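Working notes for the structure below.
Read-outs: derived from the displayed coordinates by stated rules, not from any lab. Computed from a prediction, not measured in an experiment: that's the story for all the values here. We place every Cβ from the backbone using ideal geometry, glycine too, and count neighbours over all the protein chains shown.
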Amino acid sequence: MLCRSAPYGSSRVRDALDLAMALGAFEQAVSLLLMDDAVLMLLPDQDPSPAVSKSLLKVSGALETFGVSAVLADADALAKRGLAATDLPEDVTVLGTAELAETFARHRLVLSV
Amino acid sequence: MIFSLLVQESPSSRQSSYSAYRFARELVDSGHELFRVFFFRDGVHNASALNCVTGPEPDLPRLWQELAEAHRVDLVACVGSALRRGIIDAGEAARYGRPAASLRTGCDLSGLGQLVEACIRSDRVLSFGG
Amino acid sequence: MTLHILNASPFADPALTQCARVLADGDALLLVGDGTYAALEDGAFAHLMQGIVGLIEVCALAEDCQARGITARLCAGVRMVGYREWVELAVRHEKSISWFGA
């Protein structure tokens, strides 16, 4: 699953998380790949008003429980946005360009949200 | 070959639903099987029974319905996306106390499991959005 | 072998640049909708597009180019195609990746 949109300003990230969890729950080998603004979903200290949204970072923390194999983040996108590896949750894998290409090649289907 | 499509934008505001429809038409005309079209996010507006087309623009909800009837394509609107956007069948309208149902005949409300099944059963799945 | 479908104008969204990073031998790039603007021969992305044309098959949906008045302004090597060829491309390539505006 490929997501490139910023969290909160649109529902795409939330919807991508729901879809990733559905795929995982049905025992499909699914990875969530974050490029461009979607990597901002990984920022710590997210604190949306409970009346408006759940913390998407917290939701993403449940992905493994739902059977999502991996959360992958584009190194280039992180660097452009000033995010360091230490900002990210432990279970996120950071990919360089060659690894991105290899990841796409390795999956039978790529869904874009 | 078996295809399914994931359609995510409203037919009246973005071109991608029209592109999806034209691709779907060409698929079936070329002899391929279109297993399922899954309407997700704003794409559920493709399943509206209440849209009114005023000009020469295509009536995509009607076109999808006709395509589904002619070629036995399964049209599914994601129930989570649909409820939020007021695309509801009679059952949901009654459950939520809404004054009308708005889901077009020929399309079902269902969960993301239907998209998962489409991914499992199809040789190719194309995403339409943006 | 992957079919990359670009639906976003590169002047508005970095999708083209991102897609270009992961292209491989045997892939194809299909420009549809506002993605057809990526093939403007005198635009800021012409150089990038020429590089891609040298690497893989690049097509643009004719109907969308015609709507936008750009059929005579496309980079050399970008082939205009119809929906039938889009289906053929999708059949021929193991998977499709859609790159649309974020």
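Values computed for the structure shown
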quantity: Estimated FRET transfer efficiency (B:Thr105, A:Asp87; beta-carbon r; R0 35 Å; 0.05); calculated: 0.10
quantity: Per-residue average of Cβ from other chains inside 10 Å of C:83-94; calculated: 5
quantity: Selection of trypsin sites (Lys or Arg not before Pro), segment B:1-74, meeting DSSP coil and at most 12 other Cβ within 10 Å; calculated: B:Arg72
quantity: Degrees, to the nearest 10: B:60-71 long Cα axis against longest axis of chain B; calculated: 50 degrees
quantity: Leading residue at positive end of dipole, the protein assembly as shown (Cβ point charges), from C:Ala62, A:Val113, B:Ala20; calculated: B:Ala20
quantity: Cα-centre dipole for segment B:1-126 with unit charges at Cβ (Lys and Arg positive, Asp and Glu negative), debye to 20; calculated: 340 debye
quantity: For segment A:78-113 and segment B:32-71, distance of Cα centres in Å; calculated: 35 Å
quantity: Selection from C:Val78, B:Gly43, B:Gly31 lying farthest towards where the dipole of the protein assembly as shown points positive, charges on Cβ; calculated: B:Gly43
quantity: Per-residue Cβ neighbour rank within 10 angstrom, fewest leading, C:Thr2, A:Thr65; calculated: A:Thr65, C:Thr2
quantity: Dipole in debye (nearest 20) - segment A:2-106, about Cα centre, beta carbon charges: Lys, Arg +1; Asp, Glu -1; calculated: 280 debye
quantity: The protein assembly as shown, dipole about Cα centre (Lys/Arg Cβ +1, Asp/Glu Cβ -1), debye to the nearest 20; calculated: 600 debye
quantity: Cα-based shape type of the protein assembly as shown, given that a ≥ b ≥ c are square roots of the gyration tensor eigenvalues and the cut on a/c is 1.5; calculated: oblate
quantity: Distance (nanometres) between label positions extended 7 Å along Cα→Cβ at B:Arg84 and C:Gln66; calculated: 3.7 nm
quantity: Whole-number percent relative contact order across chain B, with pairs defined as alpha carbons under 8 Å at least 6 apart; calculated: 37 percent
quantity: Interchain or long-range residues, amide H under 5 Å from C:Ala28's placed H; calculated: C:Thr2, C:Leu3, C:His4
